[in-house]
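Asks: Would you mind keeping the following structure in view while I ask a few things?
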Amino acid sequence: GRGGEVTGAWGSSAQLQFPTLHTWFAYGCLGVQIFFVISGFVICMSGWGRTLRSFFASRASRLLPSYWAAVVLVTAVFALPAVTYEAVSPSDALVNLTLLQQPLGADRVLGVCWTLWAEVRFYALFALCVVLPGATRQRVILFCAGWTLAAAIAQAAHEPLLDLVLMPEYAPFFVGGIGLYLVHRDRRDAYAWGIVGVSWLIGQHYAVAELWHAPGPQHFSYRSSAGIILVVTLGFLAVMAIALGWLNRANWSWLTVAGALTYPFYLVHEHLGWVAIRAYHQGLGIPSYATAALTVVTMLALAWLLNRYVEDRLAPRLRSALSRPREASPPSPPSSASAGTAGSAAVPR
């Protein structure tokens, strides 16, 4: 569904490898926008009724263990002589462990981690405006309305700092997810439905503006504006179906496992996917379609290992360590001089 570095792994453009499928999979990049809608729903649910310490512990323990492992793993694999892709410098690799490599101008170890930078800014806004004072329906509605209006102003102002903080192109998707959580709490809430509707209207505008272009031979793929709007709409409808309880019967146990694998799969699938595609297709001569399927299976297996041996072991410990309140230091005994002064002061004259 895309060109770029993965072309080297295939040995030719994916447009030639998959002459029909690449036109459909070109819409796959919109999974990011849908993911942000899901994130808005989940973060509002996660932050409701939580203290700031608990919210931070929940987010850090969810993101960091697998992220750290993926950064180390990809750095190590790209350093192998047999791997032809260029590794980042040791200094930049260390900066990547902070999740702040993008604003600091360091090279990214994981190409997909730009979305985590958007997530971190969303967490900060939501934590300061909602979690810290305490989540209530009114406060969440004001947060959604305020962020939407501020993002529109930032777009009109063309001010880089405002764009950096308010993320106009992604705000409607986060806000739309929050609105859908309010719908989940009360499906008769007209304000919640209004938030969802306005967010969808603005979100599809940004998606079309970013991903649509006139057809031409210089482009890897062509997406129609109608197709982009349709995918964004289907993403909102999917989360809405969950919010309204239409999918409550889908409670099979394998869905829990599949959900647990989504994050580690996301972390490793791109760069290590290139390595796997090159090994299977060019190294072993496996046909294109079989290579694509085998690469997905390999990345899922790696994601399972990260979930089983990194997340399951480290996440609870990190959450517990960050959630534990700091113990107050015992008061130091007063010196004899201060004790005497205090004793004298306590004696009524």
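The values are calculated or read from the model by the stated rules, or taken from the named source; none is laboratory data. Please read all numbers here as calculations on a predicted model, not as lab measurements. Heads up, the Cβs are rebuilt from the backbone with ideal geometry, glycines too, and the neighbour counts pull from every protein chain shown. Note: areas computed on protein heavy atoms with side chains; ligands, DNA, RNA excluded. Shrake-Rupley method; radii C 1.70, N 1.55, O 1.52, S 1.80 Å.
Asks: At 4 °C and 1.567 mPa s, what whole-number value in µm²/s does Stokes-Einstein give for the translational diffusion of region 110-208, with Rh from the Kirkwood sum over Cα pairs? Kindly include the intermediate steps, with their values, before the conclusion.
Replies: Numbers: Rh = 13.9 Å.
After rounding, the answer is 93 µm²/s.
Asks: Follow-up question, since we're still on this one. So what's the chain giving for Cα Rg divided by 2.2 N^0.38 Å, two decimals? Walk me through the intermediate numbers first.
Replies: Values: Rg = 24.6 Å, N = 349, 2.2 N^0.38 = 20.4 Å.
Ratio of Cα Rg to 2.2 N^0.38 Å: 1.21.
Asks: What's the local net charge at Asp92, with K and R +1, D and E -1, over the other residues with C-beta under 12 Å away? Provide the component values of the computation, followed by the final result.
Replies: Details: positive: Arg108; negative: Glu86, Asp107.
Result for the local shell: -1.
Asks: Related question: Calculated from DSSP H runs of 4 or more alone, at -39500 (n - 2.57) each and per residue, what is the 222 nm mean residue ellipticity of the chain, nearest 500? Please report the intermediate quantities before stating the final value.
Replies: Details: 17 runs with 227 residues, N = 349.
Taking each H run of at least 4 residues, the total per residue is -20500 deg cm²/dmol.
Asks: Which angle from 0 to 90°, rounded to the nearest 10, does the C-alpha axis of helix 288-306 make with the longest principal axis of the chain?
Replies: So the inclination is approximately 20 degrees.
Asks: Largest first, what is the accessible-area ranking of Met240, Met299 with a 1.4 Å probe?
Replies: Working: Met240 35, Met299 10 Å².
Largest accessible area first, the list is Met240, Met299.
Asks: Here is a further query. Cα-Cα pairs above 13 Å in region 31-74: how many percent? Could you put the intermediate results ahead of the total?
Replies: Working: 603 of 946 pairs.
Here the long-distance tail beyond 13 Å is 64 percent of all Cα pairs in region 31-74.
Asks: Still on this model: Take the solvent-accessible surface of the protein heavy atoms, probe 1.4 Å, and return the percent of it on the chain that carbon and sulfur atoms account for. Could the numbers behind the result be given before it?
Replies: Details: 12630 of 19010 Å².
With neighbouring chains kept in place, the figure for the chain is 66 percent.
Asks: A follow-up question, please. At a temperature of 25 °C and a viscosity of 0.890 mPa s, determine how fast region 133-182 diffuses translationally according to Stokes-Einstein, using the Kirkwood radius over alpha-carbon pairs as Rh; express D in µm²/s, rounded to the nearest whole number.
Replies: On the way: Rh = 11.3 Å.
Roughly 218 µm²/s, to the nearest whole number.
Asks: Counting pairs of Cα atoms in region 187-256, how many percent are more than 17 Å apart? Could the numbers behind the result be given before it?
Replies: Values: 1398 of 2415 pairs.
Taking all Cα-Cα pairs of region 187-256, the fraction more than 17 Å apart is 58 percent.
Asks: Region 239-313: percent of C-alpha pairs farther apart than 17 Å? Present the calculation step by step, with values, prior to reporting the outcome.
Replies: Values: 1551 of 2775 pairs.
Percentage above 17 Å: 56.
Asks: Probe 1.4 Å, all protein chains in place: accessible area of Val6 in Å², nearest 10?
Replies: Its accessible surface works out to 20 Å², give or take rounding.
Asks: Once phi is turned into θ = phi - 60°, what whole-Hz ³J(HN,Hα) does the Karplus curve with 6.51, -1.76 and 1.60 give for every residue of region 250-266, x standing for Gly and Pro?
Replies: 7, 10, 5, 5, 5, 5, 5, 5, 4, x, 5, 8, 4, 5, x, 5, 4
Asks: Using the heavy atoms of the protein chains and a 1.4 angstrom probe, tell me the accessible area per residue for the chain in square angstrom. If you can, show how the numbers build up before the last one.
Replies: Details: 19010 Å² over 349 residues.
Each residue of the chain exposes 54 Å² on average to a 1.4 Å probe.
Asks: Further, regarding this structure: Once phi is turned into ³J(HN,Hα) by the Karplus curve 6.51 cos²θ - 1.76 cosθ + 1.60 with θ = phi - 60°, what whole-Hz value does each residue of region 166-175 show in order, with x for glycine and proline?
Replies: 9, 6, x, 6, 10, 3, x, 6, 4, 5
Asks: Continuing with this model, one more query. So for the pair Leu16, Trp254, with labels modelled 7 Å out along Cα→Cβ, what separation do we get in nm?
Replies: Roughly 3.7 nm, to one decimal.
Asks: So how tilted is helix 225-243 from the main axis of the chain? Cα-based, degrees 0 to 90, rounded to 10.
Replies: For 225-243 against the chain, the angle is about 40 degrees.
Asks: For region 75-119, what are Rg and Dmax over the alpha carbons, in angstrom?
Replies: Computed over the Cα atoms of region 75-119, radius of gyration and Dmax are 11.0, 34 Å.
Asks: What three numbers, in Å, describe the spread of the alpha carbons of region 46-155 along their principal axes, ordered from the longest?
Replies: 57, 33, 18
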